[in-house]
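The values are calculated or read from the model by the stated rules, or taken from the named source; none is laboratory data. For clarity, every value in this text was computed on a predicted model and none was experimentally measured. Note that we place each Cβ from the backbone using ideal geometry, even for glycine, and neighbour counts take in every protein chain shown. Protein only, heavy atoms only, side chains kept; ligands, DNA and RNA dropped before computing areas. Shrake-Rupley method; radii C 1.70, N 1.55, O 1.52, S 1.80 Å.
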Amino acid sequence: MVGFLEGTGAHAYFLVTGGLHAYDYAPVPVQLLLHMLLLLDPLAALMILRASPRGPLLAAVVMLADLVSNWNVAWSSVMTHPTALLRPVGLLPITLFGLFVLLTALPLRRALVSDGNVGAGATSPAEAG
């Protein structure tokens, strides 16, 4: 949750300081995604806070899109200056957080479903028989 709320704050900051053109270095589809994260990040955090089994899945989809977008934009820079990836801001923390979310999404979802939170696709005994 903390990572998604930090992302919300970062995207809000970029929108306030740079307006709609805050991400003009990226292709238009990436710009739209990065602006949409202002809504998707807190939604993922809220769904995880509420222990919704769909929360980890939304979080994984959001982070996968975020990772693909950021790596797509930064690829040539990383290839030119690979040590830039080692900075403690930017691509490195986004990548580490994204990997954490992707690796834990399914186990977290399974745990939420087994705790009695029935998710999508679950059937009652009456429906199964």
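Things worth noting here:
- Residue match in region 75-84 (condition: touching a helix residue (DSSP H, G or I) at 6+ places or on another chain (Cβ under 7 Å), under 17 Å from residue 10 (Cα atoms) and open to solvent by 30 Å² or more (accessible area, probe 1.4 Å)): no
Let's see how each residue does on (1) modelled with pLDDT of 95 or more; (2) more than 22 Å from residue 95 (Cβ to Cβ); (3) small (Gly, Ala, Ser):
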{"residue": "33", "(1), (2), (3)": "yes, no, no"}
{"residue": "36", "(1), (2), (3)": "yes, no, no"}
{"residue": "42", "(1), (2), (3)": "yes, no, no"}
{"residue": "53", "(1), (2), (3)": "yes, yes, no"}
{"residue": "56", "(1), (2), (3)": "yes, no, no"}
{"residue": "62", "(1), (2), (3)": "yes, no, no"}
{"residue": "69", "(1), (2), (3)": "yes, no, yes"}
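- Of all the residues in region 86-111, those that are open to solvent by less than 90 Å² (accessible area, probe 1.4 Å) and more than 21 Å from residue 33 (Cβ to Cβ) number 5.
- Under the condition of being touching a helix residue (DSSP H, G or I) at 6+ places or on another chain (Cβ under 9 Å), open to solvent by 80 Å² or more (accessible area, probe 1.4 Å) and farther than 16 Å from residue 61 by Cβ, the residues counted in region 2-42 number 8.
- Among residues of region 37-53 that are under 13 Å from residue 109 (Cβ atoms) and in contact (Cβ under 8 Å) with a residue 12 or more places away in the chain, those with a beta-carbon under 7 Å from a residue that is of a type in the set (Val, Ile, Thr) and open to solvent by less than 10 Å² (accessible area, probe 1.4 Å) at least six positions away or on a different chain give the pairs 44/62.
- For residue 46, the stated conditions do not hold, so it cannot be described as within 14 Å of the chain's Cα centre (by Cα), at pLDDT below 95 and surrounded by 15 or more Cβ atoms within 10 Å (Cβ to Cβ).
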